[in-house]
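A short worksheet on the structure shown next.
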Amino acid sequence: MIIGVGIDVAEVDRFRASLERTPSLAQRLFLDSELYLPSGERRGPASLAARFAAKEALAKALGAPAGLHWTDAEVYVEDSGQPRLRVTGTVERRAAELGVRGWHVSLSHDAGIASAVVIAEG
């Protein structure tokens, strides 16, 4: 059963400018595992914008309640290339209240736009 669906888009250049203008923003939005590749190199702005769009889409799928912490949702990619969500804390509690048992995530970035769709399944 589908409990919620969220979609979001982020303009990559605008997102990049926000991160440059407010350097502490990245630490408020992302875990280190989201910010950096296994090599230690920082992910590019398109990848980060897509991860941010996924977090926005996740919040929408949960009904956009107040009090969710950005870093309580981790967007990661399996070895197969499939994006996934790992939730903890405030996000995990809200998902449990709604009966969410699993997530479906799709990420994309092209032509300067990053997008994400999240489906919360019960």
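Since every read-out is calculated from the coordinates, none of them should be taken as a lab result. Just so it is clear, the structure is predicted and the values come from calculations on it, not from any experiment. Heads up, the Cβs are rebuilt from the backbone with ideal geometry, glycines too, and the neighbour counts pull from every protein chain shown.
Rounded to the nearest 10 degrees, the inclination of helix 45-61 to the longest alpha-carbon principal axis of the chain is 20 degrees.
For the chain, what does -39500 (n - 2.57) per DSSP helix run (n ≥ 4), summed and divided by total residues, give at 222 nm, in deg cm²/dmol to the nearest 500?
On the way: 5 runs with 46 residues, N = 122.
After summing the helix terms and dividing by the residues of the chain, the value is -10500 deg cm²/dmol.
Karplus-derived 3J(HN,Hα) values for segment 94-107, using 6.51 cos²θ - 1.76 cosθ + 1.60 with θ = phi - 60°, are 5, 4, 5, 4, 8, x, 6, 10, x, 10, 10, 9, 10, 10 Hz; glycine and proline are entered as x.
Over segment 2-121, Cα pairs under 8 Å with separation of 6+ residues give a relative contact order of 39 percent. Tally Lys/Arg at +1 and Asp/Glu at -1 over every other residue whose Cβ is under 14 Å from the Cβ of T88; what's the total? That works out to +1.
Here the simple spin-label model places points 7 Å from the Cα toward Cβ, and for R28 and E92 these points are separated by 2.5 nm. Equivalent-ellipsoid semi-axes for the chain (Cα gyration tensor, √(5λ), whole Å, largest first): 23, 15, 14. According to the Cα-based calculation, Rg over Rh for segment 46-86 is 0.99, with Rh computed by the Kirkwood formula. Taking packing as the residue-averaged number of other Cβ atoms within 10 angstrom, the listed peptides 32-41, 13-22, 88-97 run from highest to lowest as 88-97, 13-22, 32-41.
Summary of the geometry: segment 1-42 and segment 46-81, compared by the centres of their Cα atoms, lie 8 Å apart. Computed packing ranks the peptides 107-113, 5-11 as 5-11, 107-113, most packed first, by mean other Cβ atoms within 10 Å.
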